[in-house]
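These notes are about the structure you will find just below.
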Amino acid sequence: MAQLHKLELQTLITSSPHKFFDIYHNKTYLMPTICPDKLQSVQVLQGDGKNVGSVRLWTYVMGVPVIAKDKIVGVDEVNKSITFELIDGEVTKYYKRFVATLEAEGVNTVKWSLEYEKASEDVPHPHSHLQFLGAMATDIDAYLLKTKIN
């Protein structure tokens, strides 16, 4: 029987949660500039790259360059959250289902939630992916504090 797992991580930020969410929702093209050691590129393959149904190809670095194709499955602008499901790439070799949700909640907190189903019991829980997302949040926060982005 399939077993879904969930991991969460909260990261404190000092920049605006609205602006933080805006980077992930509307300005992903800035992310390789913001986090060049972690993210090499983001390409929109289908849709506008911002709304439900959009498909994007991410090339990121976790020791070595890795690709992931995601599909945006939920956007809530009022609550500043975006949910996407990985549909192809390295992660899908190890997880039958992998869904990530970003919530720029409250005044100074960003929360990442991962819901996943491992392909086998030998597959580790994706703590490294969660730490990676937390490190990106720290980089984006620092960028927003030093720039005057609208």
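Throughout, read-outs are computed from the coordinates displayed, never taken from laboratory work. Small disclaimer: the values here were computed from a predicted structure and weren't measured. Glycine gets a Cβ as well: all are built from the backbone with ideal geometry, and neighbour counts include every protein chain shown.
For the reader, a short list of remarks on this structure follows.
- Stretchable slack from Ile67 to Thr147, in nm (0.36 nm times residue separation minus alpha-carbon distance): 25.9 nm
- Relative intensity, log₁₀ I(q)/I(0), of the stretch 1-82 from a Debye sum that treats every alpha carbon as a point, q = 0.13, 0.18, 0.25 Å⁻¹: -0.50, -0.94, -1.32
- Using alpha-carbon coordinates, inclination of helix 17-26 to the longest axis of the chain, degrees: 60
- In the stretch 46-150, trypsin sites (Lys or Arg not before Pro) in a DSSP loop with at most 14 other beta-carbon atoms within 10 Å: Lys148
- Relative contact order for the chain, counting Cα pairs under 8 Å that sit 6 or more residues apart, in percent: 28
- Using just its DSSP H runs of length 4 or more, each adding -39500 (n - 2.57), the chain gives a mean residue ellipticity at 222 nm of -7000 deg cm²/dmol after division by all residues.
- The chain - charge dipole about Cα centre, Lys and Arg +1 at Cβ, Asp and Glu -1, debye rounded to 20: 300
- Two numbers describe the Cα atoms of the chain: Rg and Dmax, which are 14.7, 50 Å.
- Count of lysine pairs in the stretch 6-150 with Cα separation under 15 Å (8 or more residues apart, or interchain): 21
- Relative to the dominant Cα principal axis of the chain, helix 127-146 is inclined by about 10°.
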